[in-house]
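Here's the structure we're looking at; comments come further down.
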Amino acid sequence: MSACLPREIPSNGGITTIIEPHSLGQQSREKKVEKTPLHSEDIRPEMREDILDPSYQDEEGPPPKLEYVWRNIILMALLHLGALYGITLAPSCKVYTWLLGIFYNIVAALGITAGAHRLWSHRTYKARLPLRLFLIVANTMAFQNDVYEWARDHRVHHKFTETHADPHDSRRGFFFSHVGWLLVRKHPAVKEKGRKLDMSDLKAEKLVMFQKRYYKPAVVLTSIVLPTLVPWYFWGETFQHSLYIATFLRYTIILNFTWLVNSAAHLYGYRPYDRNIGARENVLVSMASFGEGFHNYHHAFPYDYSASEYRWHINFTTFFIDCMAALGLAYDRKRPSRAAVLAKIKRTGDGSHKSG
């Protein structure tokens, strides 16, 4: 008996509902083939590099000695000291400076969540040129590596999660998965697996490669120069307030909110979809990261454009993508069927899901 092939069923609003097939064996007319489960890459053939590889095992033996990157340690320490000083200046800061910082971080966060993460890392939806332009600029404003490098590290994180090949392996503790991984040399396994990933989709995207080529001057302009000079020039904010609040404090906040997805959302919370992985559901992280804290679901269904079972619930990024879809700028939004989600909950969940 031949295996049931997966199907994609277009639904209202341009959302593609993906039905996950049962694990069936395939048998040709000439010979039998060993039964193997059909994974999510079978129903999203254009994107395979973010699917968990359960066959990968860490090499035996002691881990390599940590190599500190002192430049990163010093710069990160200075940034956080500057942010702490910015907090002391906050009571005397002008309202417009606060509003600029909030607006700047909202836009920059979307460059990570809707851009680098859901569009370019996971290919969960498609975007037309005006939206891609907005997201690439917003991503540059976020100053968290260019899209190509961000997506490469994130795909490795999904494919080899909680192994030495995971860039921010949560088994090494909260501090390491939060920020420590940026302060030391990458584990050799991270480099090895990262080099082997198929990144041809991003290499073929001119906008992503343009950003990669000019990232350093662009990020200095959009993430440091503009937020510092705009308050000082346009509404007479002091240069000190502009630098320490609109730049240092604002940037430190968005960094730490983003890092919580790697740390807190891998250590604290329930695992209603897959109890076999460390990623967890963390509502507080979702509030801080515009919907990225439903992390156990996201690792179970990385091709879901909503990164959550509940769409708009504590998920500003999904709301934004749906608004862009209403304007015709986003399309082909992928979602698993309800049946596939329930089957996953029953098969590997920890029993904490309300349906159970």
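No value in this document is a laboratory result; all are computed from the given coordinates. This one's a predicted model, so the numbers in the text were calculated from it and none came from an experiment. Please note: Cβ atoms are built from the backbone with ideal geometry, for glycine as well, and neighbour counts cover all protein chains shown.
Structure above, values below:
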quantity: Rough spin-label spacing in nm, given labels placed 7 Å along Cα→Cβ, for L226 and V69; calculated: 2.5
quantity: Net charge dipole size for the chain [Lys, Arg +1 and Asp, Glu -1 on Cβ; Debye, nearest 20]; calculated: 380
quantity: Cα-based Lys pair tally, segment 78-196, threshold under 23 Å, eight or more apart or on separate chains; calculated: 6
quantity: Cleavage-rule hits (chymotrypsin sites (Phe, Trp or Tyr not before Pro)) in segment 251-356: DSSP loop, at most 16 neighbouring Cβ within 10 angstrom; calculated: Y268, Y310, W312
quantity: Loop trypsin sites (Lys or Arg not before Pro), segment 229-289, which have at most 16 other Cβ atoms in a 10 Å radius of their Cβ (DSSP); calculated: R275
quantity: Amide H within-cut-off set for V184, under 5 Å, with H built and near neighbours excluded; calculated: V69
quantity: Highest-MSF residue in the chain out of M47, M141, M76 [GNM, Cα springs under 10 Å]; calculated: M76
quantity: Per-residue HN-Hα couplings for segment 301-309 [Karplus 6.51, -1.76, 1.60; θ = phi - 60°; Hz; x = Gly/Pro]; calculated: 10, x, 8, 7, 5, 8, 6, 6, 6
quantity: Value of relative contact order over the chain, rounded to a whole percent, pairs C-alpha under 8 Å and six or more apart; calculated: 21
quantity: Net lengthening on full extension, D198/L129 (0.36 nm per residue, minus Cα-Cα); calculated: 22.5 nm
quantity: 3J(HN,Hα) from dihedral phi, segment 290-295, Karplus parametrisation 6.51/-1.76/1.60, rounded to Hz, x for glycine, proline; calculated: 6, x, 8, x, 7, 7
quantity: Additional length obtainable on full extension of the chain from K191 to K354, 0.36 nm per residue less Cα span; calculated: 54.7 nm
quantity: Centre separation in Å (Cα based) which lies between segment 80-132 and segment 134-189; calculated: 18
quantity: Prolate/oblate/rounded label for segment 291-356 (Cα gyration tensor, a/c 1.5); calculated: prolate
quantity: Helical segments meeting 27 Å axial Cα length and Kyte-Doolittle 0.5 threshold in the chain (DSSP H); calculated: 70-89
